[in-house]
Amino acid sequence: MQPSASSSAPSPAPGTAPHFDERLTAPRSWWVIAGLLGLSGGLVMFPLGTVPMLGGLIVAAVLAGAAVSSYGSARIRVVAGSLVAGDARIPVSALGTAEVLDAEEARAWRMHKADPRAFMLMRSYVPRAVRVDVTDASDPTPYVYLSSREPEALVAALDAVRADAQG
């Protein structure tokens, strides 16, 4: 009998396993639009023959797919005592209270309540969000705004890391 994959895989060191990991992938409708853009690239090249049509289809589909994939690759993680959101890495010790925002409140913080100094990782297709105060006196960023499909789990992960650090 062969060992299962889970038993043979090395377990992560304590403190390095992510408490929370979410990828803000683009919705399926965006992939459909990318496919339609590829089709339109082929139709534009159709009068020039079959080979240019296939070239136009492939090039347009690849470019549109790369754009959707790039935009939808944003990731939010709570790992090793830090909040990692996109390119930003913030120690949890520099963060204050985290607040779950429903769709209406998230829209308000994206619009009229927004502070231009805030770090915002937002995606319009994700209606809910988390707002976390930044308590580091040397950081001019007042808060972090993160779109999330699971804001309660993100807040719970931040609270768990904070509790582990204190106790």
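The values are calculated or read from the model by the stated rules, or taken from the named source; none is laboratory data. Remember, predicted model here, so these are calculated numbers, not experimental data. Glycine also receives a Cβ, built like all others from the backbone with ideal geometry; neighbour counts cover every protein chain displayed. Just so you know, the surface numbers come from the protein's heavy atoms only, side chains and all, with ligands and any DNA or RNA stripped out. Shrake-Rupley method; radii C 1.70, N 1.55, O 1.52, S 1.80 Å.
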(message) Just to confirm the number: angle between the C-alpha axis of helix 151-166 and the first principal axis of the chain, 0 to 90 degrees, nearest 10?
(response) 40 degrees
(request) Tell me which residues come under 5 Å, amide H to amide H, from A129 once H is placed; ignore anything under 5 positions away on its chain. (result) L101, S148
(request) List every residue whose amide H lies under 5 Å from the amide H of M122, counting only residues 5 or more places away in sequence or on a different chain, with H placed 1.01 Å from N in the peptide plane. (result) S147
(message) Let me cross-check D102: its accessible surface, 1.4 Å probe, with only protein heavy atoms counted, in Å² to the nearest 10?
(response) 90 Å²
(message) Can you compute 3J(HN,Hα) from phi for each residue in region 71-88, using the Karplus curve 6.51 cos²θ - 1.76 cosθ + 1.60 with θ = phi - 60°, rounded to whole Hz and x for Gly and Pro?
(response) 5, x, 9, 4, 9, 10, 9, 10, 8, 6, x, 10, 9, 10, 10, x, 8, 8
(message) So, R0 is 41 Å and r is the distance between the beta-carbons of A67 and E152; what FRET efficiency does that work out to, to 0.05?
(response) 0.85
(request) Give the calculated FRET efficiency between A160 and A80 to the nearest 0.05, with a Förster radius of 22 Å applied to their Cβ-Cβ distance. (result) 0.95
(request) Taking amide H positions as placed in the peptide plane 1.01 Å from N, state which residues far from T97 in sequence (5 or more) or on other chains have amide H under 5 Å from it. (result) D133
(request) Note the listed values (i) 57, 21, 14; (ii) 27, 18, 15; (iii) 38, 25, 13, then indicate which one is semi-axes √(5λ) of the Cα gyration tensor in Å calculated from this particular structure. (result) (iii)
(message) Using only DSSP helix segments of four residues or longer, with each worth -39500 (n - 2.57), what per-residue ellipticity at 222 nm results for the chain after dividing by its residue count and rounding to 500?
(response) -13000 deg cm²/dmol
(request) Using a 1.4 Å probe over the heavy atoms of the protein chains, calculate the carbon and sulfur portion of the accessible area of region 125-167 as a whole percent. (result) 52 percent
